[in-house]
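The values are calculated or read from the model by the stated rules, or taken from the named source; none is laboratory data. Small disclaimer: the values here were computed from a predicted structure and weren't measured. Every residue, glycine as well, gets a Cβ built from its backbone with ideal geometry; the counts of neighbours run over all protein chains shown. These area figures cover heavy atoms from the full protein model, side chains too; ligands, DNA and RNA do not enter into them. Shrake-Rupley method; radii C 1.70, N 1.55, O 1.52, S 1.80 Å.
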Amino acid sequence: QVQLVESGGGLVQAGGSLRLSCAASGRTFSSYAMAWFRQAPGKEREFVTAITWSGGSSRYADSVKGRFSISRDNAKKTVYLQMNSLKPEDAAVYLCAATTGWSTRVRDYDYWGQGTQVTVSS
């Protein structure tokens, strides 16, 4: 089992940057692909980015390509989301999630954090 705790959210001006972290507990962190999703008020949870267990491959939603970057440190059991050139439409609660597979679908993720709020002012 994996427990996930996100941090690093906050208020940033449009064009600014934030770095989110997701700390995991549990012995088998390196066995899981990790992802970031986000959910804005009144909207469905949407895929942002994912990274394989080794960190060797990643995938991004079109809306964040070229601006966001996912990485992981298996020794620290932590996954990161570097967000640059933030836009007001990026504002949401950002959640990290873990899966034993490889997917962009919410339903395929087994473990979820509580989320961290990102607010972008225009």
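Can you find a residue that is part of a helix (DSSP H, G or I), open to solvent by 60 Å² or more (accessible area, probe 1.4 Å) and not hydroxyl-bearing (Ser, Thr, Tyr) anywhere in region 90-111?
So far as region 90-111 goes, yes, one or more of its residues are part of a helix (DSSP H, G or I), open to solvent by 60 Å² or more (accessible area, probe 1.4 Å) and not hydroxyl-bearing (Ser, Thr, Tyr).
Do we have any residue at all in region 49-63 that's more than 17 Å from Tyr109 (Cβ to Cβ), open to solvent by less than 50 Å² (accessible area, probe 1.4 Å) and under 11 Å from the mean Cα position of the chain (by Cα)?
No, the conditions are met nowhere in region 49-63.
Across region 63-89, what is the number of residues that are over 24 Å from Ser121 (Cβ atoms) and in a loop (DSSP other than H, G, I, E, B)?
4
Of the residues Val5, Val12, only one is among the β-branched types (Val, Ile, Thr), assigned to a strand (DSSP E or B) and either closer than 16 Å to Trp112 by Cβ or in contact with a Cys (Cβ under 9 Å, 6 or more places away or on another chain) (or both); which?
The unique qualifying residue is Val5.
Assess whether Gly42 counts as being without any contact (Cβ under 8 Å) to a residue 12 or more places away in the chain and on the phi > 0 side of the Ramachandran plot.
It is true that Gly42 is without any contact (Cβ under 8 Å) to a residue 12 or more places away in the chain and on the phi > 0 side of the Ramachandran plot.
Mind checking which residues of region 33-48 are within 18 Å of Arg105 (Cβ to Cβ) and either out of contact with any Ser or Thr (no Cβ under 7 Å at 6 or more places or on another chain) or open to solvent by 20 Å² or more (accessible area, probe 1.4 Å) (or both)?
The answer is Met34, Phe37, Arg38, Gln39, Lys43, Glu44, Arg45, Glu46, Phe47, Val48.
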